[in-house]
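Notes for the one structure printed next.
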């Protein structure tokens, strides 16, 4: 997948293919990959503030990584989806008991005070949900654009890390001018992978 030899398929084609592949995963595979991602995060040197997210649906990962990051002494900020498709708001995560259903079905969000879109600038690391990321750092999301509108507020030295399954780190993805490039990928088996890959 993703060699681009026959021309890049459109983003919609990629999303359909990747979403179907995730749906085909067994529960055991999901659990194993989530556990592996927690192990990877546990092994990382973390900055003072980390922006994470609560995986939902077929997204790789689990709530467990939030507590790993907090246990390492980092402040954890989680996204809050706005009503108007603007940039994401952020709020601090202080434990699973502070999570509640958000605007979108199945998405859990922190219930604490909203800190504004610019608070992502405080993070040294942002873990970003993705359907795929390519070797040059191009990320494919679900298409709503929340992260592309939000990551422009990140600091210049902030690590922007797409969390994907191993076979979702691909050679080439279609891009648009507004797409924000990732500086690394995080996968269950390969761990932390700096991007771009030569």
Packing-ranked peptide list from 184-191, 90-97, highest mean Cβ count within 10 angstrom first, is 184-191, 90-97
When all Cα-Cα pair distances of the range 90-198 are considered, the percent exceeding 17 Å is 58 percent
Residue 115 and residue 156 label points (each 7 Å along its Cα→Cβ direction) are spaced in nm at 2.3 nm
In nanometres, the difference between 0.36 nm per residue of separation and the alpha-carbon distance of residue 84 and residue 178 is 32.0 nm
For residue 171 and residue 104, extending 7 Å from Cα along the Cα-Cβ vector and measuring point to point gives, in nm, a value of 3.0 nm
Only helices counted: for the chain, with every DSSP H run of 4 or more residues adding -39500 (n - 2.57) and the sum spread over all residues, [θ] at 222 nm is -6500 deg cm²/dmol
Once normalised by the length of the chain, the mean sequence separation of its alpha carbon contacts under 8 Å that are 6 or more apart gives a contact order in percent of 22 percent
GNM of the chain, Cα pairs under 10 angstrom: of 43, 111, 150, the biggest fluctuation goes to 43
If each part is reduced to its alpha-carbon centroid, the range 38-80 and the range 83-124 end up apart, in Å, by 13 Å
So the angle from the long Cα axis of helix 27-43 to the longest Cα principal axis of the chain, reported in degrees to the nearest 10, equals 60 degrees
Once the mean of 1/r over all distinct C-alpha pairs in the chain is inverted, the Kirkwood radius in Å reads 16.9 Å
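Only the coordinates and a few stated rules stand behind these numbers; no lab work does. Remember, it's a predicted structure, so these values are computed and weren't measured experimentally. In this analysis, Cβ positions are derived from the backbone assuming ideal geometry, glycine residues included, and neighbour counts consider all displayed protein chains.
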